[in-house]
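Novice: First, the structure itself, so that you have it in front of you.
The values are calculated or read from the model by the stated rules, or taken from the named source; none is laboratory data. Worth saying up front: this structure is predicted, and the values here are computed from it rather than measured. FYI the Cβ positions are ideal-geometry reconstructions off the backbone, even for glycines, and counts take in every protein chain you see. In case anyone asks, the SASA skips ligands and DNA or RNA and just uses the protein heavy atoms, side chains included. Shrake-Rupley method; radii C 1.70, N 1.55, O 1.52, S 1.80 Å.
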Amino acid sequence: MKQGLSGTYDRDLYDRIRQNWDKVAKPLDSMGRFEDLTAKVGAIQGRIDPTFEKSAILVFCADNGIVEEHVSQSGQEVTAICAENIAAGKTAVGVMAAMIRADVTAVNVGIANTVSDAVLPVCVRKGTRNFLQEPAMTEAEVYQAMQTGMDLVLAWKQKGYQILGIGEMGIGNTTTSAAMAAAMLGLSADTVTGKGAGLDEQGLTHKKEVIKQALLQHGLQEADTLTILQTVGGLDIAAMTGAIIGGAVYHMPIVLDGVISLVAALTAERLLPNVRDFLIPSHKSKEPAAEKISEKLRLDPVIDAKMAVGEGTGAVMMLTLLKQAALVYQSCNSFEAAGVGQYERYTE
């Protein structure tokens, strides 16, 4: 895997889209980062006119055995409840996605409790093991979860979707993601661990100690990426890693969400270098690991609102902004149509 992708998106097409932006009747580069991002989407799609007409969010839902160590306020039963509500369109991601007519699918990749088939049933295992006691997953489980993510991207492309966002739901997954971030970035648990869904200071201190102990116990600071994922990761992270790799393999733009999807992105990039070329960042999560990973991947999030909802809400918000930017690109007057001379680029 480490040899990297044989190619990336169409750079010539990217340049052509950027040149077309210069023909839109507005000051040069005045749509800022959105000119670059829409060009990137079009180049991945292989279209001079990037399209967002058929978009979807895949929300990977899974439980984490580490909750046995009291690292979160809630128990595993909440994952199942939330997954059902996501599937019914009753949570933040569903409400937001409905506004832009994006489809949302809750995916049961590892929920511990029973859920209906409204949550797409591709369960690898009913929750991971407690990584303070033993590795969270077997190697086979990691590969199965990754393959599930890849397969879903291909299936959604075959259904005609043009861009996908990814999100997650799983009690305890800010612990798994912080542990993975610490190991992959070579940073301390203190540096990358946040309060998740609302721990107090005492709870945060305990969460950090659990992560520190696990990193030391399993010797993860020098471990390879798959070992880190297998030992302290989650089925949701593994599936998102696969989805991100699938985006690169099948040329599907993948819009990231918050810190947990960023951990999956870093995992995927370490396994298959250059997959980052197919990723669209969305927002800067308030979890401390998010900024560190974004810098490592050179993916600068557009939205900085201290969000931490999860579920793919940041991805939906970014899709909304991208659709608006694409409308400017496709529908605004050109300089020629407006009867105004086009701005010229000057080089020094």
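Novice: Counting only residues 5 or more places away or on other chains, whose amide H sits under 5 Å from the amide H of Glu168 once H atoms are built in the peptide plane?
Specialist: Placed amide hydrogens put Phe60, Glu311, Gly312 under 5 Å from Glu168.
Novice: Using amide H atoms built in the peptide plane, which far-off residues or other-chain residues are under 5 Å from Val104 H to H?
Specialist: HN-HN under 5 Å from Val104: Ile57.
Novice: Now a separate question. Based on the mean of other Cβ atoms within 10 Å per residue, sort peptides 9-17, 40-48 so the most packed one is first.
Specialist: So the order, starting with the most tightly packed, is 40-48, 9-17.
Novice: In addition: With θ taken as phi - 60° and the coefficients 6.51, -1.76 and 1.60, list the Karplus ³J(HN,Hα) couplings across the stretch 131-148 in order, rounded to whole Hz; mark glycine and proline as x.
Specialist: 6, 7, 9, 6, x, 5, 9, 7, 4, 5, 5, 4, 5, 5, 5, 5, 5, 4
Novice: Work from the charge dipole of the chain (Cβ charges, +1 for Lys and Arg, -1 for Asp and Glu, about the Cα centre) and give the residue of Tyr343, Phe60, His218 farthest towards its positive end.
Specialist: Tyr343
Novice: Okay, next question. In whole percent, and with a 1.4 Å probe on the protein chains, what portion of the accessible area of the stretch 201-345 is carbon and sulfur?
Specialist: 48 percent
Novice: Can you tell me the order of 100-106, 138-144 when each peptide is scored by its average per-residue count of other Cβ atoms within 10 angstrom, highest first?
Specialist: Put in order of decreasing packing, that is 100-106, 138-144.
Novice: Stokes-Einstein D for the chain at 25 °C, 0.890 mPa s, Kirkwood Rh over Cα pairs, in µm²/s?
Specialist: It diffuses with D of about 121 µm²/s by this estimate.
Novice: Also: Using the alpha-carbon atoms, what tilt in degrees (0 to 90, nearest 10) does helix 33-45 show relative to the longest principal axis of the chain?
Specialist: 80 degrees
Novice: Could you report the accessible area of Met184 in Å², rounded to 10, computed with a 1.4 Å probe on the protein chains as they sit in the structure?
Specialist: Its accessible surface works out to 20 Å², give or take rounding.
Novice: Using square roots of five times the C-alpha gyration tensor eigenvalues, list the equivalent-ellipsoid semi-axes of the stretch 9-104 in whole Å, biggest first.
Specialist: Equivalent ellipsoid of the stretch 9-104: 40, 16, 13 Å, largest first.
Novice: Something else now. Give me, ordered by chain and number, the residues 5 or more places off Val109 or on other chains with an amide H under 5 Å from its own placed amide H.
Specialist: Cys61
Novice: When the helix-only estimate is applied to the chain (DSSP H runs of n ≥ 4, each -39,500 (n - 2.57), divided by the residue count), what is the mean residue ellipticity at 222 nm, nearest 500 deg cm²/dmol?
Specialist: -15000 deg cm²/dmol
Novice: Would you please classify the overall shape of the stretch 59-185 from the alpha carbon gyration tensor, given that a ≥ b ≥ c denote the square roots of the eigenvalues, rounded means a/c under 1.5, and beyond that prolate means a/b larger than b/c while oblate covers the rest?
Specialist: The shape class here is prolate.
Novice: In whole Hz, what ³J(HN,Hα) sequence does the stretch 316-327 give by Karplus (6.51, -1.76, 1.60; θ = phi - 60°), x for Gly and Pro?
Specialist: Once rounded to whole Hz, the list reads 5, 4, 5, 4, 4, 5, 5, 4, 5, 5, 5, 5.
Novice: Taking a probe of 1.4 Å, how large is the accessible area per residue of the chain, in Å²?
Specialist: Value returned for the chain: 42 Å² of accessible area per residue.
Novice: If you place +1 on the Cβ of every Lys and Arg, -1 on the Cβ of every Asp and Glu, and leave all else neutral, what size is the dipole of the stretch 89-193 about its Cα centre, to the nearest 20 Debye?
Specialist: 320 debye
Novice: Report, for the chain, the % of DSSP beta bridges that are antiparallel, rounded to 5.
Specialist: Roughly 5 percent of the beta bridges in the chain run antiparallel, per DSSP.
Novice: So what are the ³J(HN,Hα) numbers for the stretch 190-207, from phi and the Karplus equation (6.51, -1.76, 1.60; θ = phi - 60°), rounded to whole Hz, Gly and Pro as x?
Specialist: Taking θ as phi minus 60°, the curve returns 4, 6, 10, 9, x, 7, x, 8, x, 5, 7, 4, 5, x, 5, 4, 5, 4 Hz for the stretch 190-207.
Novice: With angles folded into 0 to 90 degrees, how steeply does helix 235-249 sit against the dominant principal axis of the chain? Use alpha carbons for both and round to 10.
Specialist: On a 0 to 90 degree scale, this one is about 30.
Novice: Next question. Past 23 Å, Cα to Cα, is the threshold; run Lys207/Lys306; Lys90/Lys195; Lys54/Lys286; Lys23/Lys54; Lys195/Lys284; Lys90/Lys292 against it and keep the listed order.
Specialist: Lys90/Lys195; Lys54/Lys286; Lys23/Lys54; Lys90/Lys292
Novice: Using a 1.4 Å probe, how large is the accessible area of His70, given in Å² and rounded to the nearest 10?
Specialist: His70 exposes around 140 Å² with every protein chain in place.
Novice: Tilt of helix 77-87 relative to the longest C-alpha principal axis of the chain, in degrees (0 to 90, nearest 10)?
Specialist: That helix lies at roughly 20 degrees to the long axis.
Novice: Sort Thr51, Thr8 from largest to smallest accessible area, using a 1.4 Å probe on the heavy atoms of the protein chains.
Specialist: The most accessible residue leads, giving Thr8, Thr51.
Novice: Charges at C-beta only: +1 for Lys and Arg, -1 for Asp and Glu. How large is the resulting dipole of the chain about its Cα centre, in Debye rounded to 20?
Specialist: Roughly 480 debye for the chain.
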